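**Q** This is the structure I want to talk about, given as structure tokens.
Laboratory data are not the source of any read-out in this text; all were calculated from the coordinates shown. All of these numbers come straight from a predicted model, not from anything done at the bench. No Cβ is skipped: glycine too gets one built from the backbone with ideal geometry, and neighbour counts run over all protein chains shown.
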Amino acid sequence: MIQVEHLTKCYGDFMAVHDLSFEIEEGHVYGFLGPNGAGKSTTMNIMTGCLSATSGRVLMDGHDIFEEPKEAKRLLGYLPEQPPLYLNESPEEYLTFVGRAKGLRGQELREQVAEVMTQTGIAPVRNRRISDLSKGYRQRVGIAQALLGNPKVIILDEPTVGLDPIQIIEIRDLIRELGRSHTVIFSSHILSEVQAICDRILIIARGQLIAFDRPENLERQLLGQNEITLTTRAGQDEVLDILFPLALGEEVSFQEKEDGLTQVHLKTPDPDPYAMGEQLFWAFADNGVALLEMSLKKASLEEVFLELTEDKEKPEESQEPEDGQDLDDGEEQEVDEV
Ligand code: ADP
Ligand code: MG
């Protein structure tokens with residue numbers, strides 16, 4: 001439904017988005033996950049036609065967002081990071097204004113405004129001034145305006161930022177609810193949030209797409225490294241003799257304990273670590289060696305996310321600091337020592 005093809009955006013000579021390509025299919029909730037500065041807002045602004053691309057294109061149901069903006073934008077509702085709310089107006093006045101701008105008139109306009117207010121739970125505050133509403137309610141007004149005009153796709157840029165924990169839960173519930181009737185794309189720098197709401201995750205870092213999959217597949221494929229820890233009275237050599245015929249080909253390390261016990265750590269990329277646990281159990285049993293303990297540490301998506309998105313260029317930079325930086329560091333150290 002949406003094709004993003006080789007999207008690149010440069011601000012001056014800084015490349016914020018670099019050759020980004022992906023496809024959005026109808027009926028899913030997509031999480032655009034990445035640390036601050038990853039290029040999420042830039043990408044969303046381009047996808048919604050609010051910002052020009054340096055190169056690449058975006059197609060909405062086949063319509064190029066820049067060449068056929070009218071047709072393409074009709075399919076889209078967008079809540080930008082900083083929604084342009086008119087603080088002196090009431091939600092109803094504001095939504096009526098936005099609905100008109102989207103081409104709605106008369107009864108259809110009234111009906112849709114009423115409908116999106118109900119959908120987002122702002123009907124009770126419809127006549128209050130937006131400036132008097134809590135951040136959570138303002139965010140709902142922002143989502144309500146995105147829903148006007150019945151777009152197929154709703155794009156929300158960091159919709160939970162700056163909200164208190166209860167408001168966050170409410171907005172997440174609302175996004176889930178919207179996902180039943182719309183294709184939703186929302187961005188977040190919080191992994192658990194994306195995991196909790198989405199059925200498709202795009203991980204973006206340094207302006208590039210580094211992963212795109214279902215949450216469960218991401219966990220399986222990317223994580224790779226589950227770790228099984230065994231405790232036994234057998235020594236290292238004996239354990240290796242038991243493990244050798246299994247041809248697990250895994251990374252093994254040992255820890256000799258003071259009480260004569262050996263701890264064995266096995267890392268496995270096997271998506272089913274329990275199968276390996278079972279194999280180990282029987283191998284030790286067949287050799288008449290008791291397994292005193294066996295534990296499994298599943299690598300978390302959080303660890304993978306951090307690893308994938310961490311700025312690997314930084315250490316290199318700090319090895320070759322500019323002259324100015326060098327001087328600054330030296331001065332700071334001197335001050336510390338005094
Ligand atoms: P995110 O939404 O993932 O936090 P952004 O898309 O806002 O990331 O920003 C990506 C990168 O582009 C950041 O390094 C940011 O500083 C830079 N950037 C964003 N907007 C501009 C701009 N108007 N001019 C120059 N640099 C910008
Ligand atoms: Mg952003």
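**Q** Cut-off 10 angstrom, C-alpha nodes, Gaussian network model of the chain. Which of Lys297, Lys257, Lys70 fluctuates the most?
**A** It is Lys257.
**Q** Below 8 Å, C-alpha to C-alpha, sequence gap of six or more: please give me the relative contact order for region 225-298 in percent. Let's see the in-between values first.
**A** On the way: 112 pairs, mean separation 37.7, N = 74.
Across region 225-298, relative contact order equals 51 percent.
**Q** For region 225-298, what is Rg from Cα atoms divided by 2.2 N^0.38 Å, rounded to two decimals?
**A** On the way: Rg = 11.2 Å, N = 74, 2.2 N^0.38 = 11.3 Å.
Dividing the Cα radius of gyration by 2.2 N^0.38 Å gives 1.00.
**Q** Would you mind telling me which residue in Asn150, Asn88, Asn217 has the biggest mean-square fluctuation in a Gaussian network model of the chain, where springs connect alpha carbons within a distance under 10 angstrom?
**A** Largest GNM mean-square fluctuation: Asn88.
**Q** Determine which lysines satisfy two conditions relative to Lys267: a Cα distance under 20 Å, and not lying fewer than 8 residues away in the same chain.
**A** Within reach: Lys257, Lys297, Lys298.
**Q** When DSSP beta bridges are limited to those with both residues in the chain, what percentage is antiparallel, rounded to the nearest 5?
**A** 70
**Q** Net charge around Arg129, counting only other residues with Cβ within less than 10 Å of its Cβ (Lys, Arg = +1; Asp, Glu = -1)? Write out the running numbers ahead of the final one.
**A** Numbers: positive: Arg128; negative: Glu89, Glu93, Asp132.
Value of the local net charge: -2.
**Q** So for the pair Arg129, Gln236, with labels modelled 7 Å out along Cα→Cβ, what separation do we get in nm?
**A** 7.5
**Q** Over 21 Å between Cα atoms: which of Lys9/Lys152; Lys70/Lys135; Lys70/Lys152; Lys70/Lys102; Lys9/Lys40; Lys40/Lys70 fall into that group?
**A** Details: Lys9/Lys152 26 Å; Lys70/Lys135 31 Å; Lys70/Lys152 14 Å; Lys70/Lys102 10 Å; Lys9/Lys40 12 Å; Lys40/Lys70 23 Å.
Beyond 21 Å between Cα atoms: Lys9/Lys152; Lys70/Lys135; Lys40/Lys70.
**Q** Treat the chain as a sphere of radius equal to its Kirkwood radius over Cα pairs and apply Stokes-Einstein at 25 °C in a medium of 0.890 mPa s; give the translational diffusion coefficient in µm²/s, rounded to a whole number. Provide the component values of the computation, followed by the final result.
**A** Working: Rh = 23.7 Å.
In µm²/s, the coefficient rounds to 103.
**Q** In nanometres, what is the gap between the two model label sites at Ile166 and Glu307, each 7 Å from Cα along Cα-to-Cβ?
**A** Reported label-point gap for Ile166 and Glu307 is 4.0 nm.
**Q** What's the ranking of 231-241, 100-110 by average number of surrounding C-beta atoms within 10 Å, highest first? It would help to have the intermediate numbers written out before the result.
**A** On the way: 231-241: 14.8, 100-110: 12.8.
Packing order, densest peptide first, comes out as 231-241, 100-110.
**Q** Is there a quick way to get the dipole size of the chain? I mean about its Cα centre, with the Cβ of Lys and Arg at +1 and of Asp and Glu at -1; what is the value in debye to the nearest 20? Walk me through the numbers on the way to the answer.
**A** Values: 31 positive and 63 negative charges, 617 e Å.
With only Lys, Arg, Asp and Glu charged at Cβ, the dipole is about 2960 debye.
**Q** Could you tally the net charge around Leu33, taking each other residue with its Cβ under 10 Å from the Cβ of Leu33, Lys/Arg +1 and Asp/Glu -1?
**A** Numbers: positive: Lys40; negative: Glu193.
So the environment of Leu33 carries a net charge of 0.
**Q** Compute the length gained on full extension between Asp64 and Asn287: take 0.36 nm times their separation in residues and subtract their Cα-Cα distance, giving the result in nm to one decimal. Kindly include the intermediate steps, with their values, before the conclusion.
**A** Values: separation 223, 0.36 × 223 = 80.28 nm, distance 6.63 nm.
Here the segment from Asp64 to Asn287 would lengthen by 73.6 nm.
**Q** Could you work out which residue, out of Leu174, Leu147, Leu296, moves most in a Gaussian network model of the chain, that is, has the largest mean-square fluctuation with Cα springs under 10 Å?
**A** Leu296
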